[in-house]
Amino acid sequence: MSFENLNLQPAIIKAVHELGFTTPTPIQQQAIPELISGHDVMASAQTGTGKTAAFMLPALNRLATPSKIRSRGPRVLVLTPTRELALQVSEATSKFGKYLPHTKVVSILGGMSYPLQNKLLSQVVDILVATPGRLIDHIQRGRIDFSRLEMLVLDEADRMLDMGFIDDVEAIASRTPETRQTLLFSATLDSSIDKIASRLLKSPKRIQVAPQHAKLENIEQKLHYVDDLSHKNRLLDHLLRDESLKQAIVFTATKRDADTLADDLAASGHEVAALHGDVKQRVRTRTLTRLRAGRLRILVATDVAARGIDVTNITHVINFDLPKFAEDYVHRIGRTGRAGASGVAVSFATGKDSISLKKIERFTGQGLHLSLFQAWNQNINQRLDVRMVAEIKECLMSFISGIGRGAAVINLLKKEKRIIILINQNAIRVPLMICLRVLKLENDRLEVAVVSHLGLIRFQAQGEIVSLALPVLALKSSKIINLFSKSLLKRFFVFH
């Protein structure tokens, strides 16, 4: 199917083709015909699948026919939960409507000055994109006339519900004509969204392109356990120096953490900026412009940026802190792998995050797997010298020969899966506890991962070292004691 088959105005199709889109996405194929036919629609689709065009192309198509009501008020109203998403929708609308004459798009957002917004609203407006709180202010001051409103769009309705905007949304809807067409787009369609739809929509067509737990197959998801904040910072610095990383968004739990981390990264020489709810609108706009233009490599943000940022060159998303809600994990990592491109999502977790990880895995329907860095880096020599590698290998060989070869070692490893050893060195004042995790056990061949503060070594018991990797699982001895059974703690081998 092509856009020509969707009964859109030629001027809209021309603009769409100029933007490089030739084939509508599944959500566009299903939603656009229903919307052009005049039906109310509630739709869910995986993030990054073209939802904005799915509702905005039919809206622009409607504007091609002049309104019968004389008024300066909008014919289309789009409500979004965040300023970033509102700006994205406005920019996309301007591009899609490039060849439609006299189509005025206005954004009304928190953080913008009231005099400027009053001036914009005093003129004829065709499409109004707004956040609920600021729009309520203008409605209460009598500055908006909804008499000719034909279409109401609720974008990211589930997010507006999470942020407590639904009462405002319903108050706004009550001021609009009952004859309006209402569209509800959400990442998920659950019972709470159904209740909202029952109050605001009339016999809506329900569209769900992909299962709610659909795998983001084009996004490689990695999980790294960390000890503490210092370990997080070291690991983040290593990730950000990866040459394959073009642009990245790093998510933190709080606004203060975002500012602090951005300052630390800037001091380390990274091109970075922070984005959160307390950042002034002009700064937010400038930051997003730099990001889209490729002049900003790293954006440190709170969940305010999890939805509404569509930048093709974002290759990595890093969850410095795990999100509070499992749904937000999907929207965070959805900032990469846009429009069919591939992406990488890395999450940091501590021992206290086990419940959050289970919720994420349950929501996405897939497991998060520990990641082993397969990279040779000059820094490895500062952390792990050849002598240490040899000693760990010797210790492992001693362990195997100490308990016997063949069936005995195989049965033990099948049962335990992990071995713990203790190393004393002259250079180390305290004994170093190391966990050997079994990666592969095949016949008489053993392949393990050695986890320690000094690094991770992957090698074969009967062969040479295959590769070295930077430390990614650095567990403290106290955590090892908590993680592994007491029976394993009896298997210590000490050498000097």
Residue list for segment 232-255, restricted to those being loosely packed, with under 15 Cβ neighbours inside 10 Å and under 13 Å from ALA301 (Cβ atoms): THR254
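So that you can scan it fast, the table gives a plain yes or no per residue for (1) assigned to a helix (DSSP H, G or I); (2) within 30 Å of GLU327 (Cβ to Cβ); (3) small (Gly, Ala, Ser):
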| position | (1), (2), (3) |
| --- | --- |
| PRO58 | yes, yes, no |
| ASN61 | yes, no, no |
| SER67 | no, no, yes |
| LYS95 | yes, yes, no |
| MET112 | no, yes, no |
| LEU116 | yes, no, no |
| LEU128 | no, yes, no |
Enumeration of residues in segment 193-231 that are assigned to a helix (DSSP H, G or I) and at pLDDT 85 or above: ILE193, ASP194, LYS195, ILE196, ALA197, SER198, ARG199, LEU200, LEU229
Confirm whether GLY142 is assigned to a loop (DSSP other than H, G, I, E, B) and more than 21 Å from GLY277 (Cα to Cα). yes
ARG284 passes all but one of (1) within 14 Å of the chain's Cα centre (by Cα); (2) closer than 19 Å to ARG159 by Cβ; which number fails? (1)
Within segment 344-355, of all residues that are surrounded by 14 or more Cβ atoms within 10 Å (Cβ to Cβ) and out of contact with any Lys or Arg (no Cβ under 8 Å at 6 or more places or on another chain), the one modelled with the lowest pLDDT is THR350
The one condition in (1) in the same structural domain as GLY351 (by TED's automatic domain parsing); (2) crowded, with 16+ Cβ neighbours inside 10 Å; (3) not aromatic (Phe, Trp, Tyr) that LEU229 fails to fulfil: (2)
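Is it the case that VAL129 is in the same structural domain as GLY20 (by TED's automatic domain parsing), surrounded by fewer than 17 Cβ atoms within 10 Å (Cβ to Cβ) and out of contact with any His (no Cβ under 7 Å at 6 or more places or on another chain)? Before the answer, list the steps.
Working: in the same structural domain as GLY20 (by TED's automatic domain parsing): yes; surrounded by fewer than 17 Cβ atoms within 10 Å (Cβ to Cβ): no; out of contact with any His (no Cβ under 7 Å at 6 or more places or on another chain): yes.
Criteria not met by VAL129.
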Could you grab the pairs with beta carbons closer than 7 Å, sequence gap of 6+ or different chains, first residue in segment 338-359 and in the same structural domain as LEU229 (by TED's automatic domain parsing) and closer than 15 Å to LYS222 by Cα, second one modelled with pLDDT of 85 or more and assigned to a helix (DSSP H, G or I)? ALA345/ILE333; VAL346/LEU239; PHE348/LYS232; ALA349/LEU357
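Any residue at all in segment 117-124 that's assigned by TED's automatic domain parsing to the domain that holds ILE13, under 26 Å from SER186 (Cβ atoms) and modelled with pLDDT of 90 or more? If you could, list the steps in order and put the result at the bottom.
So in segment 117-124, the residues assigned by TED's automatic domain parsing to the domain that holds ILE13 come out as 117-124.
Next cut, under 26 Å from SER186 (Cβ atoms) only: none.
Looking through segment 117-124, none of the residues is assigned by TED's automatic domain parsing to the domain that holds ILE13, under 26 Å from SER186 (Cβ atoms) and modelled with pLDDT of 90 or more.
The values are calculated or read from the model by the stated rules, or taken from the named source; none is laboratory data. Values in this document were obtained by computation on a predicted structure and should not be read as measured data. Here the Cβ is made from the backbone with ideal geometry for all residues, glycine too, and neighbour counts use every protein chain on show.
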